[in-house]
Each structure stands twice: as C-alpha cells, then as structure tokens.
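The structure appears right after this line, and notes come after that.
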Amino acid sequence: MVRKANLTLEKETDKMIELRNEQQLAKAIERAKEIKPRVKVITFGQYQVQGSTGGFYIVTCFKRNGIRIADCDCIAGMRNKPCFHAAAAAGLHSGIASMR
Ligand SMILES: [Zn+2]
C-alpha cells in the first residue's frame, strides 16, 4: 500500500512544511514523542507513518536550499501545519541521513 511511489523529491508544491518553523514544530515533536507512531521506511526520504486513528500517511523528507522539509499527505500537512507524522519521520530521516 505505497501511495505516491512515483513522487519526485524535487516536486514544487506549497503544501510543504518547513522545519524551521520551530514553535509549531516543537509541538509536533512533542506529540510524536507522546504518540510514538510507527514509522516505516519506504525508501530514503520517504516514510509511511501510522496516524493516531490507525490510518497511514506518507511523509517525504528532503532538503531544498539548505532547508529541511517534511511533506506529509495528511490534512494538517496539506494545510501547511507541522504534524506529528512529519515530526516522527523527520526524526528518523535525520538519523538515517547522519549515517550515510
Ligand atoms: Zn501528517
């Protein structure tokens, strides 16, 4: 059940979450720590995160102009709000990225 499998990391969209929005991000990280969602690696930069109601969301993490971006396909993510899916995936992503 991999949606958006052919999504390119260079896609242009205004739905992205800039991880430098630190206040909102801190909240999302807090929620991620509370909920501890299951994050599955689809490929480097693409993660499947289980939501609080059991659904799965796809989070794409990448860097653009030196800014780390996590793009989630949930409703909050589409409204440009940092969600805990993106926070959880971003945490895993930076862990994996630092090992490469
Ligand atoms: Zn989300």
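For this structure, a couple of remarks:
- Within segment 32-65, tally of residues that are in a strand (DSSP E or B) and open to solvent by less than 80 Å² (accessible area, probe 1.4 Å): 17
- Qualifying residues in segment 79-90 (those that are in contact with a strand residue (DSSP E or B) (Cβ under 8 Å, 6 or more places away or on another chain) and open to solvent by 40 Å² or more (accessible area, probe 1.4 Å)) - the one nearest to the ligand (Cβ to nearest atom): K81
The values are calculated or read from the model by the stated rules, or taken from the named source; none is laboratory data. If you're wondering where the values come from, they're calculated on a predicted model, not measured in any experiment. Please note: Cβ atoms are built from the backbone with ideal geometry, for glycine as well, and neighbour counts cover all protein chains shown. For accessibility, only protein heavy atoms count, side chains too; no ligands or nucleic acids. Shrake-Rupley method; radii C 1.70, N 1.55, O 1.52, S 1.80 Å.
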